[in-house]
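As structure tokens, the structure follows; a few thoughts come after it.
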Amino acid sequence: MEIINLLKETLEILKEHGKSPNDVLWVGSKDGEYAISWKEFEKIAKKVNYNCDFGSQKIACDLVVVGKNWWLERSEYDGAEGWVFKTKPKRKRNAKKFNIVCVDDVGLIGWEDLNTLNGGDKNES
């Protein structure tokens, strides 16, 4: 059983990605229905110690920490949970068009990316 403090966990992932609480715009739900400041979140999170190992997810699954062009969102696999750092994808100037998004359409099993599904570098835009 690994007990972790939510504030400490959040500060560590921010630091790991070169961010600090000063970079946080707001904390709340993915859909934006709930939102508080970092200072308000800090007061709540410092009191939250939870078991982040396997079992049921303890922290709200839609909790996000939002900055400019980046965010933290909760991830969970079989009850083991934590933060995942996300950044806004950048579209390349020469981005390729695609028309296949499902492995069933090309007879593959699964876990494939758009490049593989759409013929790799052979696909011209």
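What the table below lists for this structure:
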| quantity | calculated |
| --- | --- |
| Enumeration of residues in the stretch 57-72 that are among the polar types (S, T, N, Q) and either outside any loop (DSSP other than H, G, I, E, B) or out of contact with any Asp or Glu (no Cβ under 8 Å at 6 or more places or on another chain) (or both) | N69 |
| Flag if G28 is touching a Ser or Thr at 6+ places or on another chain (Cβ under 7 Å) and part of a strand (DSSP E or B) | no |
| Residue match in the stretch 39-56 (condition: modelled with pLDDT of 95 or more, surrounded by 12 or more Cβ atoms within 10 Å (Cβ to Cβ), in a strand (DSSP E or B) and among the aromatic types (F, W, Y)) | no |
| Exclusive hit being surrounded by 14 or more Cβ atoms within 10 Å (Cβ to Cβ) and either aromatic (F, W, Y) or within 29 Å of M1 (Cβ to Cβ) (or both), set A60, A35, A80 | A80 |
| Search result, residues across the stretch 73-125 that are of a type in the set (G, A, S), under 30 Å from K58 (Cα atoms) and part of a loop (DSSP other than H, G, I, E, B) | G79, G110 |
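The values are calculated or read from the model by the stated rules, or taken from the named source; none is laboratory data. As the structure is a prediction and not an experimental result, all values here were calculated from the model. Here Cβ is always computed from backbone atoms with ideal geometry, including for glycine, and neighbour counts include all displayed protein chains.
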